[in-house]
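Remarks on the structure that follows.
The values are calculated or read from the model by the stated rules, or taken from the named source; none is laboratory data. Everything quoted here is computed from the prediction, not taken from an experiment. Virtual Cβ from ideal backbone geometry, glycine too; neighbours counted across all protein chains shown. Quick note on the areas: whole protein, heavy atoms, side chains included, nothing else; ligands and nucleic acids left out. Shrake-Rupley method; radii C 1.70, N 1.55, O 1.52, S 1.80 Å.
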Amino acid sequence: FKAISLDSGVFVIASVVSLVTGIAFGLTPAWRAGSSGLADTLKLSATGNTRSVGRTRFSRALIIGQIALALVLLTCAGLMVQTVARLLAVDPGFNPHNLVMVYPGVDLNRYLGDGDMDRATERVDAAFGDMRQRVAALLGEKWASVGLQGSDEDMSTIVGGPSHQVRGFYMATEGATPLEVMRAPLQMGRWLERTDANEASPRVMVNQTAARLLWPGENPIGKRLWPKGPPPGKPSEVIGVVGDTRMNSYDEVPSPTVYKVMSKEPLVGPSRFLLMRIDSWPAGWAKRIGDELKAAGADSSPPFFVNVEEQLNLSAAGRRTLMLYLAMFAGVALFLCAIGLYGVLAYSVARRTKEIGTRLALGASRWDVLGLVARDGIFLTGLGTILGVGAAVGATHLIQSFLFGVTPQDPITFAVAAILIDIVAMLACWLPARKAANVDPMVALRYE
């Protein structure tokens, strides 16, 4: 990963945008003040008029826009929070803790010799068997195995029938199979054994997705699979069903998979790996394992280690980052709209001090004055919320590809975001309204 640091280009752009924004919004009230005629100003002062629609319209529009923008950001942040929470709650179908995959570098040219592929395959099988035994001696006999991710192949449940594409996965059976090392749940039947590689009648396992696809509503144990012909190949008998697993990411869609015993498979390239569970981490374990692999015939280059648990967590890292940024921006927007709403209402109360004093002197209660100011804030908040909901409906489609387990128009998220921003807005309205309700009528009548 590239280290993140301050970038001069980004700093310059941010500085220019901030400067232009400050100048633009600073000149606007100055321009409006300069455009007012002297006669109008004297008339407003003489009549004691405390409000000018032209002067307040722009600031009120800004507050409405702030509330709408804050609601959009809050809604998007809420959807991402749910996405990350649901991702991390997904069961990968195995125990990823302390599970490590290692890809030892193997130069196939060293094993080809006279070009006999069968003989080269036997040599590679022997080399990987030696690697497994050496690693097992370090970690414990039950916690290391060899696996090979095969390619997709077409198979059918009846001779000459419609075929289905399934993924092949080859497993060594010495010690423990990769599925046992992963602690994947055995749903039906039994695990593969070395004798299941019988060429005359091979036996295989399938995952739940394959079982549902190939034999919906049926017991797959004892069923047969034919590779796509013609001519039709030898059928394989299903002797076990294992749960679906997600090795690469939490949102990975499990593929229908057929598990076979590794036996003279020509696919001996970099896709073959060792799978190990390191419950007790020996000192310098990576170097020690690398040394054992080289002693068994691996290349001199360092092996490639994959911490499966970290790999799964990294698969959600992008969504977590987006969630944090959206939550941060939503918090800033919420704070700014609360400050802005408070400022507009506080300014309105200051301008209407004489009016409020007159109302109180004529018999209006403090609750009437409180409601007078609060209604103004409620109107701005309500209009901003309505516009924000409409904008959020469109904006959430922009992050739809990042969502998992939640729809872009999730009603609960929209409702929580709207309630949260309304609560913050009402708190911002409370202080100016409370100040207006506590105005002394005698002081207010002498105001100006």
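Take the Cα of LEU324, step 7 Å toward its Cβ, do the same at SER401, and the gap between the two points is 2.3 nm. Normalised Debye scattering of segment 114-264 at q = 0.17, 0.18 Å⁻¹ gives log10 I(q)/I(0) of -1.03, -1.13, counting only Cα atoms as equal scatterers and leaving out solvent.
Ranked from largest, the principal axis spans of the Cα set of segment 303-448 equal 85, 29, 20 Å. Farthest towards the positive end of the charge dipole of segment 331-448, among the residues ALA415, LEU387, ALA428, is the Cα of ALA428, using unit charges on the Cβ of Lys, Arg, Asp and Glu. Computed from the Cβ-Cβ distance with R0 of 22 Å, the FRET efficiency linking SER280 to GLU310 stands at 0.75. Length gained on full extension, ILE378 to ASN219: 51.0 nm, using 0.36 nm per residue less the C-alpha separation.
Across ARG319, ARG351, the residue with the most accessible area heads the list, and the full order at a 1.4 Å probe is ARG351, ARG319. Dividing the alpha-carbon radius of gyration of segment 140-188 by the rule-of-thumb value 2.2 N^0.38 Å gives 1.49.
Say R0 is 35 Å: what FRET efficiency, to the nearest 0.05, do GLU153 and HIS97 get from their beta-carbon distance?
Details: r = 32 Å, r/R0 = 0.92.
The computed FRET efficiency comes out at 0.60.
Taking all protein chains together and a 1.4 Å probe, the residues LEU431, LEU74 rank LEU431, LEU74 from largest to smallest accessible area.
Treat every Asp and Glu Cβ in segment 318-369 as -1 and every Lys and Arg Cβ as +1, leave all other atoms uncharged, and give the resulting dipole magnitude about the Cα centre to the nearest 20 debye.
Values: 7 positive and 2 negative charges, 17 e Å.
Roughly 80 debye for segment 318-369.
Modelled spin-label separation between GLU252 and ASP291, with each label point placed 7 Å from Cα along the Cα-to-Cβ direction: 3.2 nm.
Dipole magnitude for segment 78-217: about 620 debye, using +1 per Lys or Arg Cβ and -1 per Asp or Glu Cβ, origin at the Cα centre. Only Cα sites of segment 284-329 enter the Debye sum here, all with the same form factor; the resulting log10 I(q)/I(0) across q = 0.20, 0.24, 0.33 1/Å is -0.71, -0.83, -1.07, listed in q order.
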